[in-house]
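Written out below as structure tokens is the structure these notes cover.
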Amino acid sequence: MIVGDCYLLGLRLIDCFPRSIYDWLPMNLLPQLLLFAAQYIPHGHCYLWQTPLVGLHVAADALIAIAYYSISIFLIYFVRKVEDLPFKNIFILFGTFILVYGTIHVVEIWTLWQPNYLIYVLLKAISALVSLYTALSLIPLIPKALNLPSPQQLANLNQQLNEQIIAKETAREKVVLLNQELEQRVQEKTTALTKANQDLRESTEYREKITDLIPNILYIYDLATNRNVYCNPFITELLGYTPLELQKFRDGLINELIHPEDLATLKQHFNECLVLRNDNYLEIEYRVKNTQGKWYWLHDKITIFTRDADGKPEQILGIARDITQTKELNQKLEEQILVLEKTNQARIKLAEINEFVQACVSLEEAQVIIADLLKPLFPNTHGAVYLMNNSKNLLEAISAWGIVHSDSNFDPKECWAIRRGNPHQVHPHTSGLYCSHIDAKATLKPSLCLPMIAERGIIGLLYLRFDHSDAISQSAQDLAETVAQNLAISFANLKLQEKLRFQSLRDPLTGLYNRRYLQECLTKEINRAHRQQQFVSVLMIDVDYFKRFNDKYGHSAGDLVLKQVGTYLLSQIRQYDIACRYGGEEIIIVMPNASIGDTMVRAEEIRVGVKKLKLEHEGEQLESISVSIGVSYFPDDSTNANGLIQAADKALYQAKQEGRDIVRRC
């Protein structure tokens, strides 16, 4: 049944075609085209290929497609240009819907000649989906569309908008006028500000010139960061740092450049700035290191530069002046003052030494005190004072302190200072120049030898050995030379005094004390013996037959006898016994604290010893001599000097009466 219907339909379709087609189509092809779907003919056959009809169909579809495409393009262009377009998606869907239908009309033209109905169906399906989706999208938009204002409302809104625009235009004109006035004022202000900036620039340049040329360091220090935020170029001239380099120090300017001894003081100084009032300033002196490692002294005046909102200091302004030269001069001045003070103290001590030495009555007394006087004058030193003996062939140490490492007695040739007549100093690195009297291996310290010169001759030596290993300072050398000169003069005076005293109290021939000294000493000894309940013995000695001996051998031989006897007596008496030439050939010996028995024994020994003296004069052996001795005793014989002498003289007279060469007591 179905096949039959299709066959009838095919016959009808065949009738639609021109008769000429049947002439060239095979007869068996027609049933196949009607019976099988794969063999559809183009859509144009429905129009029996009437050229006007097909042309009209093509023209209509083409114009519709062009119209649809144009509408789609206009919609898309409109959507892209209008940014705030409401329902923009709907416009896009409409454009897509129209575009698809335009494409369907194009495909209808295509299927007139080509049987590609699958494309045609697909496009219709797409158009159906787009149409359905568009219809569904319009459903929620209908309430919104209904709420859109009407043309009257839009006209009212438009009128209101025009009124607002007119008001805005009026306001704009007023704003323009105000802007013109403002621009004029701004111009005036700008002109004034430009002039002010110019003046400020000139003022700033002027201040910069001042800060650049000022011979002081001008800086601004930030307390929060501990860094310099500004510094004038003078710091480069003084310390070698550029202002930029100062800002690159790791721990800030203070820790890097300030002397460690001044760091704590400077930080405390900065802390004091925290409570500093306006217009007040603080002053401090500290040391700063330059690029070469040299330290410079700065005198710094600091004040507050800026404060925060709470009034706390943020930055300080400082002006630092180089006072290195002043410090060095002050230090030299202090050193000179110290040297002067030491020199003055040394002169005072030296004057004290001179007073003590001049107050001494003998060299022996001076020897006792000189070491204690010199030791404080030369601290941290060891030393000795030497005197030349009368023969000028030996230097003898009369006083010493510390460990001198020098011989107590030595030949003058063993000292370079004595040989040269000038001070001689030696250091351990020149050990070959140590004097022979110094133990160079034991000392290994600086030493100084100074000749003591007086009366155009060397009378002694001052030797000093220092504890330190440094070079001997010039002040110490000058002081030592002054001490040596003063000691030389003082000892020369003592020697002269002793010489004059010797001449005034000693007999020049025998070397014994003279009669004047006898009177003084005997009275003193009697008074001492009286106070201490002791004894005093007096021996009066007379050379027997001295006048005959003198006449026989001559006066020179007689002088020889007296000299030999005096020398012998000095060798036999005690240190505190007193031997005096009383007159002529008479000699008196005062023996303190000697009993009468001991005195008689001692007198007898003297008598015997004198007889044993060997006398030789001008190559001739002289005959032996003898003495007579008279003894008196305190307090038995007398209680005064004259009485004792008279008693001894009486006993001497008795000995001579009894034949001489004997000892008798009064």
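In segment 442-463, the count of residues that are open to solvent by 20 Å² or more (accessible area, probe 1.4 Å) and part of a helix (DSSP H, G or I) is one or more.
Hey, could you check segment 224-259 for residues that are small (Gly, Ala, Ser) and open to solvent by 20 Å² or more (accessible area, probe 1.4 Å) and say which is modelled with the highest pLDDT? Write out each step before concluding.
So the first thing to find is which residues in segment 224-259 are small (Gly, Ala, Ser), and the list is 224, 240, 252.
With the extra rule that they be open to solvent by 20 Å² or more (accessible area, probe 1.4 Å), the set shrinks to 224, 240.
Values: Ala224: 79, Gly240: 83.
Result: Gly240.
This table checks each residue for (1) open to solvent by less than 50 Å² (accessible area, probe 1.4 Å); (2) in contact with a Phe, Trp or Tyr (Cβ under 6 Å, 6 or more places away or on another chain); (3) part of a loop (DSSP other than H, G, I, E, B).
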| residue | (1), (2), (3) |
| --- | --- |
| Val288 | yes, yes, no |
| Gln292 | no, no, yes |
| Phe305 | no, no, no |
| Ile316 | yes, yes, no |
| Gln345 | no, no, no |
| Ala366 | yes, no, no |
| Ile369 | yes, yes, no |
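Which strands (runs of 3 or more DSSP E) sit wholly inside segment 552-666 and have at least 2 residues that are closer than 20 Å to Ile526 by Cβ? Write out each step before concluding.
Working: elements: 578-583, 586-592, 627-634, 663-665.
Answer list for segment 552-666: 578-583, 586-592, 627-634.
Would segment 67-81 turn up any residue that is assigned to a helix (DSSP H, G or I), open to solvent by 30 Å² or more (accessible area, probe 1.4 Å) and closer than 25 Å to Pro52 by Cβ? Talk me through it step by step, then tell me what you get.
Of segment 67-81, the ones assigned to a helix (DSSP H, G or I) are 67-81.
Next cut, open to solvent by 30 Å² or more (accessible area, probe 1.4 Å) only: 67-71, 73-78, 80-81.
This time we only want the ones that are closer than 25 Å to Pro52 by Cβ, so: 67-68.
Yes; the residues of segment 67-81 include at least one that is assigned to a helix (DSSP H, G or I), open to solvent by 30 Å² or more (accessible area, probe 1.4 Å) and closer than 25 Å to Pro52 by Cβ.
Which residue is nearest to Ala62 (Cα to Cα), if the candidates are limited to segment 80-118 and must be modelled with pLDDT under 80 and among the β-branched types (Val, Ile, Thr)? Filtering first and then ranking leaves Ile90.
Pairs linking a residue in segment 72-98 that is closer than 16 Å to Pro140 by Cα and of a type in the set (A, V, I, L, M) to a residue that is open to solvent by 100 Å² or more (accessible area, probe 1.4 Å) and not in a loop (DSSP other than H, G, I, E, B), with Cβ atoms under 9 Å and 6 or more positions apart or on different chains, are Leu93/Tyr133. Within segment 395-421, being closer than 25 Å to Pro379 by Cβ, part of a loop (DSSP other than H, G, I, E, B) and not aliphatic (A, V, I, L, M) holds for Gly402, His405, Asp407, Ser408, Cys415.
Within segment 481-491, is even one residue modelled with pLDDT of 85 or more, under 30 Å from Arg664 (Cβ atoms) and among the β-branched types (Val, Ile, Thr)? Checking segment 481-491: not a single residue is modelled with pLDDT of 85 or more, under 30 Å from Arg664 (Cβ atoms) and among the β-branched types (Val, Ile, Thr). For segment 51-64, a residue qualifies if it is over 18 Å from Trp113 (Cα atoms) and either in contact (Cβ under 8 Å) with a residue 12 or more places away in the chain or open to solvent by less than 40 Å² (accessible area, probe 1.4 Å) (or both), and exactly one does: Ile64. Out of all the residues in segment 622-632, is one or more open to solvent by 40 Å² or more (accessible area, probe 1.4 Å), out of contact with any Lys or Arg (no Cβ under 7 Å at 6 or more places or on another chain) and not β-branched (Val, Ile, Thr)? Yes, the conditions are met somewhere in segment 622-632.
A search for C-beta distances below 7 Å between a residue of segment 289-317 that is hydroxyl-bearing (Ser, Thr, Tyr) and any residue that is open to solvent by 60 Å² or more (accessible area, probe 1.4 Å) and in a loop (DSSP other than H, G, I, E, B), counting only pairs 6+ apart in sequence or on different chains, returns Thr303/Asn280; Thr303/Tyr281.
Screening Ala309 against (1) of a type in the set (A, V, I, L, M, F, W, C); (2) loosely packed, with under 11 Cβ neighbours inside 10 Å; (3) touching a Lys or Arg at 6+ places or on another chain (Cβ under 9 Å) leaves a single unmet condition, (3). Taking the numbered list (1) open to solvent by 70 Å² or more (accessible area, probe 1.4 Å); (2) hydrophobic (A, V, I, L, M, F, W, C); (3) assigned to a strand (DSSP E or B) in turn, Val385 passes all entries but (1). Only residues that are hydrophobic (A, V, I, L, M, F, W, C), open to solvent by 80 Å² or more (accessible area, probe 1.4 Å) and at pLDDT 80 or above: list them for segment 127-164, please. Leu129, Leu132, Leu136, Ile139, Leu157, Leu161, listed by residue number. Scanning segment 581-608 for residues that are charged (D, E, K, R) and either surrounded by 21 or more Cβ atoms within 10 Å (Cβ to Cβ) or at pLDDT below 90 (or both) gives Arg581, Glu585, Arg602.
Taken together, the residues in segment 401-434 that are over 45 Å from the mean Cα position of the chain (by Cα) and open to solvent by 40 Å² or more (accessible area, probe 1.4 Å) amount to 8.
The values are calculated or read from the model by the stated rules, or taken from the named source; none is laboratory data. Predicted model, so just to flag it, every value in this text is computed and none were measured. Neighbour counts are summed over all protein chains in view; Cβ atoms, including those assigned to glycine, are modelled from backbone coordinates with ideal geometry. Surface areas here come from the heavy atoms of the whole protein model, side chains and all, with no ligands, DNA or RNA. Shrake-Rupley method; radii C 1.70, N 1.55, O 1.52, S 1.80 Å.
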